[in-house]
Each structure stands twice: as structure tokens, then as C-alpha cells.
1. Say whether the condition of being crowded, with 24+ Cβ neighbours inside 10 Å, closer than 25 Å to Ser27 by Cβ and within 16 Å of ligand 3 (Cβ to nearest atom) is met by at least one residue in region 604-619.
2. Given the condition open to solvent by less than 30 Å² (accessible area, probe 1.4 Å), more than 16 Å from ligand 1 (Cβ to nearest atom) and either of a type in the set (Lys, Arg) or farther than 26 Å from Asn159 by Cα (or both), answer yes or no: does some residue in region 225-234 qualify?
3. Return a yes/no flag: does region 398-421 have any residue that is in a strand (DSSP E or B) and farther than 29 Å from Phe270 by Cα.
4. Consider region 357-376. How many of its residues are open to solvent by 10 Å² or more (accessible area, probe 1.4 Å) and within 16 Å of ligand 1 (Cβ to nearest atom)?
5. Restricting to region 148-167, name every residue that is closer than 22 Å to Val639 by Cα and away from ligand 3 (no atom under 16 Å from the Cβ).
6. Within the set of pairs 6+ apart or on separate chains, which have a first residue in region 311-336 that is assigned to a loop (DSSP other than H, G, I, E, B), a second that is among the acidic types (Asp, Glu), and C-beta atoms under 7 Å apart?
7. Identify, by number, the condition in (1) at pLDDT below 95; (2) of a type in the set (Ser, Thr, Tyr); (3) within 30 Å of Ile523 (Cβ to Cβ) that Ser376 doesn't meet.
8. Quick check on my filter: what residues within region 174-196 are of a type outside the set (Gly, Ala, Ser), away from ligand 1 (no atom under 16 Å from the Cβ) and in contact with a Phe, Trp or Tyr (Cβ under 9 Å, 6 or more places away or on another chain)?
Amino acid sequence: MTIAPESRRLLTVLPMTGRTHGSRSASVCHWKCADACARPDENTSGTERFVDVARQALQRRASRRSVLAGTVAGAALAGLSGIAPAAAAPRPRVAVGSTGAFGFTAIDPVGNTVDDVTVPAGWRWHPIIAWGDPVEAGAPAWDPQNQSAEAQKKQFGYNNDYLDVVPFRGNGNRGLLVANHEYTNDELMFPDYGTTDEAARLRNLETAMYAHGMSVVEVKRRGKGAPWEALRRSRYNRRITLDTQFVLDGPAAGSPLLRTSEDPTGTRVFGTLNNCAGSTTPWGTVLSGEENVDQYFTGPTDPTAREARYGLNTAGRGWGAVQSRFDLRNTATRNEPNRFNWVVELDPENPDEAPVKHTAMGRFKHEGAHVQIAPSGHAVAYSGDDNRFDYLYKFVSRDTFREGPSQAARRHNKTLLSDGDLYVARFVGDGLADGEYDGTGTWLPLVVDGRSMVPGMSVEEVLVYTRVAADTVGATGLDRPEDVEPSPVSGFVYIACTNNTRRTGAQTDEANPRANNKDGHVIELREDAGDPTGRTFTWTILLLCGDPEDESVLTYFGGWDGPVSPISCPDNLAFDDAGNLWVSTDGQPGTIGYNDGLYLVPVEGPERGRVQQFLAVPTGAETCGPQVKAQDGYVLVAVQHPGDFGDASYANPRSTFPYDGVFAGARPACIQVLPA
Ligand code: FEO
Ligand code: CA
Ligand code: CA
């Protein structure tokens, strides 16, 4: 396949224009994670010290070998020595006409100015629900010229990340859509954004605050193959907002570290924030990760080392003007940040039940959390901490999963994440002699059997300042570990390391082998003896992402030598029923010049590593929340921050997605892709 002249021009001209240290546009970085790309690394704990050990070992072995330019081993040598990598052999992109396991023909990569959802021939897409659509009873029709917090509290929120449709038991044509609302693009939302009128400014600010959170919406369809339609009236429809009371449970609940003047018990907190990826548990609840929460707090002016480790040293979004708990100069609510950055569990079937924040699973910038049930019956949850040089964690429940559809079993299973052991991963490379980036690993204990395994820290301190605890035991810093998902077929665990352009050559190791890693990679982890509750594992790199035709970037596609679709910045992961991995991307317009998309990646058999693009989202957008319901014949995707560019505004939109004429700009939305 050849690149269209138009695409070649875009590749040449656009990729790094206005980009941050990562690959996102400057405006995405600002609104999504408070300019994290421009700020110092939050992990300055000594990752490099451990990397150095690995690097020396690898270099000793590497010195006995010649440079294998264009091979995996050659890439490792180049990365570890901190020099520009040797040129990789160019590899053609996926050929038009190839057919993936899900029965589609891979799309051509879509240039990063195309404002459209691109799906394979024979497929169509359909918006299920978008920002502003009514959710709760009494929600007013969305009026972009007259937005308010009161209206937004009942309407679908902004910027969806996690997304699923959970069918009702016994009725596959009705179900509950659950979506996260991670953050807001205020400049695209409000016609008078930037106003000097204080009342109008505060009205916009409060509206944006209530566009965060989560939504539960009942959906129905006429039958298999028909699109899901959102119901306006349902007893299940629910907005989770800053007014929703959550229960803090687990070993740190009630700790003085979690108490404020508004909650002297340290067991209740209003709201959930920056909900990024997530998962649906085997017992039918939804887990959601609270990620870049620091951006909502102003201050402090004298952060302790522990607070600085969580990025709490910012000007914030000024939310303290609406709710004083977001201004850390208010000493009475000084612990409020400690009440966020948790894994949240929501039961969509019980609209009157308070969602839970699980302190047993530790506090960090959770991308999400995914559970698999071990052969022993224990629930094992994996979670990535999405920051440069941060860590991979594992939680193992104290109690075991109960099978069966009974309410008693469900009630029991909803307690599984409330008590258990917490670990953080150390990766050790086995050298380059085998020509692969792979090795062994250890789950370093943080809390076991209710006791702290971290010298000098109590259980409560380990759980509230988990990053600090993980620094202490010597975990391996990864290149922004985002979604972490176990295969339902093999049990192997896949870790999307989205990128890390701050990693230097001196900081590379076998698990993070590329300096200036702008395209990211995917690690495959296999628990020893197939036991997810164990303390050791092996791992290998499945993908070194990038444009295979770019000879300046070393890429690797699971050993597959044929054509592949270019892919960069892996973020959310999903599996289909056959055990194929699906990867959605965030940021590749800034790296390989194409709109973000969703990709099929077989992980077993002769097509292992054969990356094939299923869809592309509109310009400026990120692909989130993928669900691949292969047996049911459809795919769900959340289109996040469509049209998000530094020069875009309410009056000057860069996208009109979902093209329904409701709004002159773009509305983030949940879409379904199904056969035409
Ligand atoms: Fe919200 Fe790590 O992406
Ligand atoms: Ca190796
Ligand atoms: Ca993400």
C-alpha cells in the first residue's frame, strides 16, 4: 500500500506543530491533565537507580554481541546505549483488502484533519448518547446558550472515557449503558468562556464541575444487529456528580488522613473526579479509575513530599470559588485530595445505592482497574498509574468469588475489593542474547494480611500514599502505564504504556527499551504457574508502536512480519470473546499524523501482532472505552474531546461531531459500530 500524497504532506507538515512533550495537542494536555507534560515528573524517587542496574547488566551482555540493525535486539542495544536507534527495515502498512478475525477489512489510516468517524466497508456507526442529552427525570432539553449546573446535573456529561452496555440478565435487548465523564473542555463548551463577568464565569465553572462524573442510562434495541437507543425515562437513569455521596471503605476508611471538617468520620465523600478507564466486574458492577485529580485543587503553597508525589502543587481550575473544599488554603478541608485518586465501584442495577471508593486498592492516578478471577477464586485486580515512570499494581482479594446469579452471591462479590493484599511490580530484563525484550518480574508486597510491608509506613499511610510506598520498595517505573487488562481466554495480562518522551537513553531498560518513547508500547505479562495470586511473573513486549514506514523509529509487532496498520500511543484495551486484543489510541495525530483509532491485535497463533485498524475517530478526538461484542456483532467506542485544538473555541469549532445538527460545535458521545 502506498501513502496518499495528501497523507504524506500531513506527515511532513503537521505532527509536531503545537505539540507538547508528549504527543497530545497543547489544549488536550491543559484540560485533560493540567499541563502534566510541561510539569516536572511526579516520580523523582530513584527509578533511574534501578534502571541503571538493569542497564549495566544488559550492556555486559550486549557487548558480547554485534549490533543487529533492524531487529528487536538491535533496537535494544541502541536504546540502552542512549544513542539514536539503528534504522529499522521499512515495513509496508496493512494492505487494503486484508480481513481481520472480526470480519472487517482494515481501513486506510485517516489523516489528522478529517472530521469524520471512519469505519470499515460494510459497517456503519450510530451515536447512542452525547453530551447534554437528558438522563434523569426532569432534565431540560440541552440548550448550549443557556447552560446551568442544575441542568447539567440531569444531563449526560462531557468527555466520556470508560463505556459499556451491561445487558439485563434474561433480556439481551435491554441493558444499562455506563459511561465516565473524565474532564471538560470549558473553552469549547461555553459561548462566553473567558468572560470578565464574575457571575457568568462562576456559572460556567459550576456547570463544568457537574459535567464530570459518571452516567447510567437504560438502553434498548429491537434485536441483535439493531442499534441501542437511550431511554429518556427509566428508574435506572442516573447522573453521578459532585453531589453523589460515596462510601470510603477498606482498611484506610476512617483514617485521620481522610477526615475533613465536612466529614469528621473519614468515611463519606461527595463526588468522583477525572474518571478515566474502567471495567465491568464478573459480578456486574463497574470499576472506574480516578486519575488526574490534582488539577481540581488549588495549592498547596508548601506541599509535603507526599503531596507533591501526587502533583498537588498547581494553580488548579479555581473550583474553590464554588466549593471551598477544592481550595487547599482552607485548612479545615486540607485532606480533601486524599479522598480522591481511588478505584470507584458503582452498581448500575441499584440506583439508590451509594458507590464505593476502595481504599484497599491503593491511592494513585488510577487509569482504571480490571478484575480476573484466579483459579483459587480470589478476585485479582490490575491497575496502572498513568504518569511517566509510574507503576503497575495488583490487588488480591482476601475472600473468594461466589458463582451464580443469586442476589446473595452478588452482595458477597461486591465486598471482594474491600479487603485484600496490594502489590506493585518490578520488571527485570533477562538480557538481549535471546533477541527479545523480555524477562521476569516480582510483585513487591505493600500490604499483606492486613499488615504493612513497607518500612516506616502504617497500613493507612501505604494505602493513602501508595506512590510513596511503591517508591520505597523499588518498583519499576514504566512509560505511563494506562489500561491493564487480563485476557479472558489466556489469563495473560496486557499493559498499555502510552508514551514517555522524557525517558532518556540512560533510563531505558528491557521493559522500557526506547528513549524518547513517543509512540508507546504494549507489554504482555504471564503470571507464573498461571496463578494470578502469586508473587512472580514473566513478561515480554508485544508491540513497539509506531509507523512501520518511518525508518527513524524502531517498531515491533509481536513477531508478525507482514503488513500492519500504523499505531501510536496505545491507551485503552479490550478483548473480544475469542481472546483478540483491541487497542484504542490517544495522541497519534501528534506522532504519526493520523486520527486516533481502534485496532485489532491477535495475540495468539500465526497472526500474533498483526495490527489492523478497525476505525478512526474525528479530528482532535481520542478513542476511548472500547468494547468489542464480537458474538453480538458490534463495537462500542467513546469519542472523547472531538475538535480539541489550541485554536478551537465555541465560536470557532474544529469539529461538528456527531453531525446531528444539534450544535454548531462538537459533542463528545458514545457511539456504536455495527454492520450496515
Ligand atoms: Fe485519562 Fe491516562 O488517560
Ligand atoms: Ca531478553
Ligand atoms: Ca486513558
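1. For region 604-619, residues crowded, with 24+ Cβ neighbours inside 10 Å, closer than 25 Å to Ser27 by Cβ and within 16 Å of ligand 3 (Cβ to nearest atom): present.
2. No - not one qualifying residue is present in region 225-234.
3. Yes, region 398-421 has at least one match.
4. Summing the residues that are open to solvent by 10 Å² or more (accessible area, probe 1.4 Å) and within 16 Å of ligand 1 (Cβ to nearest atom) in region 357-376 gives 1.
5. Result: Gln152, Lys153, Lys154, Gln155, Phe156, Gly157, Val165, Val166, Pro167.
6. From residues that are assigned to a loop (DSSP other than H, G, I, E, B), the pairs are Gly311/Glu42; Gly311/Asp294; Leu312/Asp294; Val322/Glu206.
7. Ser376 satisfies every listed condition except (1).
8. Within region 174-196, Arg174, Leu176, Leu177, Val178, Asp186, Glu187, Leu188, Met189, Phe190, Pro191, Asp192, Tyr193 qualify.
The values are calculated or read from the model by the stated rules, or taken from the named source; none is laboratory data. A quick note: this is a predicted structure, and the numbers were derived from the prediction, not measured. Counting neighbours? That spans all protein chains shown, and the Cβs are built from the backbone with ideal geometry, glycine included. Quick note on the areas: whole protein, heavy atoms, side chains included, nothing else; ligands and nucleic acids left out. Shrake-Rupley method; radii C 1.70, N 1.55, O 1.52, S 1.80 Å.
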